[in-house]
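The values are calculated or read from the model by the stated rules, or taken from the named source; none is laboratory data. Remember, it's a predicted structure, so these values are computed and weren't measured experimentally. Note: ideal-geometry Cβ built from the backbone for every residue, glycine included; neighbour counts use all protein chains shown. Only protein heavy atoms, including side chains, enter the accessible area calculation; ligands, DNA and RNA are left aside. Shrake-Rupley method; radii C 1.70, N 1.55, O 1.52, S 1.80 Å.
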Amino acid sequence: MQSNLKKSLYLGLAALSFASVASVTANASNANAAKKHAAAKKVTYKTTNKNLDQSVTFKATGKNAVYNKAVGKRSVVASKTDMASKANSKAAKDLFMAYQEGVTSKGVHYYKVVSFDKKVRGFVYNKGVAKTNTTVAADKPSNATGYLQNTNRFFNKPYGSQFKTSLKNDYKGMNIAADQFTVSDAVKVNNDQTYYYVTDKNNQLVNGWVNSVYFSNTITDAAKKANNSANAIHVKYVDSANLGSVLMEKDLNPANLSSAGTYSSDDVNASIKNSLVGTGFVNPVRQDTNTSIAKGNTVTVTVNKGATQFLNTNNFAPYVVTNAGNYNQQANLNNDVQSKMSTLQLSSDQWKALFQGNANQTFNFNNFEASLLAPGKAWNQFTINDKTYTYNANFTRNANKVSLSDGTNNKRDMTYDEIASGKFNIYYDVKDNTNTNTNSSDVNYTTQVVNSALAAYNNASSNKLQAALNATGLDANALNSYLTSSDNKVSSNATGLSDLGKAVSDKVSSDKTAASQKSATDILNGLTGTQLTAKNDALNALKGQDSAAINTVLGNANTAATAQGAKGTDKNSVLTNLTNDQVTGLKNVLGTVQASDVAK
């Protein structure tokens, strides 16, 4: 029995051991199967080509985003929306270059790309970009020989045609700005810019792609200067009283260079004579054989200092600017000017500075104007009988210019001897102080005042406010006293609108913005074609602090003018004596200005 018990125990243990082994074996098999299953789900990426052709250009299709990695936990570098925007863009910066290619373990193909502006770099599904042709043939210019406006923008390839497009800096130290270039090829790139392949006619080693906007058949200033220099004759000017003294030297380009490279004697002499205008020297005498001169040669010329010219008040004729923009001399003004001049207390040095110079020497108008014509000076403004005359700088400057005889259509200032033998005209705007009614003369005077103020403001390099005020010829306190006046009488158009013109110039000068200048110009345009008669209460309303006051005044004025016909008779109504057209004109003028613009 004991033997049977041992046997049973033995068999039971054996069975138990077998079951345990079987269980362990089964568990091991299940674990291995699980590992194999997990490994099969992991996606890997393999680079298949690390050396793609970088001259090939790709464009986004907008179908896929760009990621920092092809597989695994990744982030978006450029969203699908961003790529769609680049797909519709023509800018070179939004094109791509692909420099690697790979595939995932699932068979998905990716490119590693970088945008032309290098702001987007990462992996994109290969359907997310597509190869694109960035250039198409373009027409060359009809005249393929010309000049470059910019000689620092040569490219090795048309810019935007491929990723590796670089400037050719080899030529930046070379003097090629005056050279001619020949176009041998032309293409249009993706951004619709046309590029020309150009070669320097003087040096075939200088070449490259340039934007067509820089190419022109019109000779450049640099080329003109180079041509003039190459074709010039060199002139030395020697004092005839001291032959050892070279006064100055100039390179001149006489007219009519012959095919043989020479200038005729007459053309050389004319060029030398013209070159002395403004210098104060006269009577050029050539020291050569006085024949034709080849370009590049040197000519020595003796000259004399021009005779001293003594100007006086009789050499300056006062004129008045008329409505038509012409100039009519005001005879009785001349006596007053001479009288003003005779009372000046000038030292001998000051007198010489203003009125003494040499023949062929440019008259020092700036000094003259600052001393006699500037605000507060003797000739700036004066009253004769019932008229006030105010100096007009623009008319004066323009009317005394002399045309050059060199074919350039340019003008120069007068010389002392030209003034001594003729007249230097000084122009004035006129205001009739007795006229209290609207007339064309006053309107023209008013617009001239505003014109002068705006021109003075725009032209002044400093102290713009003072320049504008000076140009009006008005007292600085005149505007405020006029606007605050309780006097109800109808003011003259000249006074009212001149004050408004001064307010405009004040606004422009204080604000100093382009918008304010434009606003002032709009007001001027409105004034030019409109004859206005304004009462003090209307101007006081304009000086108000809100636009409602202005609107009320205009509304009342419109009603009054409509009810009363062409001329209002009720002196208590606002803006009497305005026609319907005048009211409309005033509304158009004031529509461009706020209440604060005409406030003090």
Just name the residue that is modelled with the lowest pLDDT out of those in the range 224-273 that are farther than 27 Å from Gln149 by Cα, of a type in the set (Ser, Thr, Tyr) and exposed (fewer than 15 other Cβ atoms within 10 Å of the Cβ). Ser245
Just to verify a result, which residue in the range 400-434, among those that are among the β-branched types (Val, Ile, Thr), surrounded by 13 or more Cβ atoms within 10 Å (Cβ to Cβ) and assigned to a strand (DSSP E or B), is farthest from the chain's Cα centre (by Cα)? Val430
Inter-residue pairs, beta-carbon under 8 Å, first under 26 Å from Thr47 (Cβ atoms) and in the range 89-101, second assigned to a loop (DSSP other than H, G, I, E, B) and open to solvent by less than 20 Å² (accessible area, probe 1.4 Å), 6+ apart: Leu95/Thr57; Leu95/Thr134; Leu95/Gly160; Phe96/Thr57; Phe96/Val120; Met97/Thr57
Can you tell me which of (1) open to solvent by less than 40 Å² (accessible area, probe 1.4 Å); (2) more than 13 Å from Ser55 (Cβ to Cβ); (3) in contact with a Phe, Trp or Tyr (Cβ under 6 Å, 6 or more places away or on another chain) is the one Tyr147 doesn't meet? (3)
Residue within the range 201-212 that is part of a loop (DSSP other than H, G, I, E, B) and at positive phi present: no
Within the range 171-188, identify whether any single residue is closer than 20 Å to Lys59 by Cβ, part of a strand (DSSP E or B) and not aliphatic (A, V, I, L, M), and answer yes or no. yes
Filtering the range 358-384 for residues that are assigned to a loop (DSSP other than H, G, I, E, B), without any contact (Cβ under 8 Å) to a residue 60 or more places away in the chain and farther than 15 Å from Val337 by Cα leaves a count of 1
Pairs needed: first member in the range 385-401, farther than 23 Å from Asn433 by Cβ; second member anywhere, modelled with pLDDT of 85 or more and open to solvent by 80 Å² or more (accessible area, probe 1.4 Å); C-beta distance under 7 Å; at least 6 residues apart or different chains. Lys401/Lys411
When restricted to Asp94, Asp170, Asp179, the only residue open to solvent by less than 30 Å² (accessible area, probe 1.4 Å), at pLDDT below 95, closer than 30 Å to Ser229 by Cα and among the acidic types (Asp, Glu) is Asp179
Filter the range 106-125 for residues that are surrounded by fewer than 19 Cβ atoms within 10 Å (Cβ to Cβ) and in a loop (DSSP other than H, G, I, E, B) and give the result. Lys106, Gly107, Val108, Asp117, Lys118, Lys119
The range 278-298, subset under 21 Å from Asn228 (Cβ atoms) and polar (S, T, N, Q), residue surrounded by the fewest Cβ atoms within 10 Å (Cβ to Cβ): Thr298
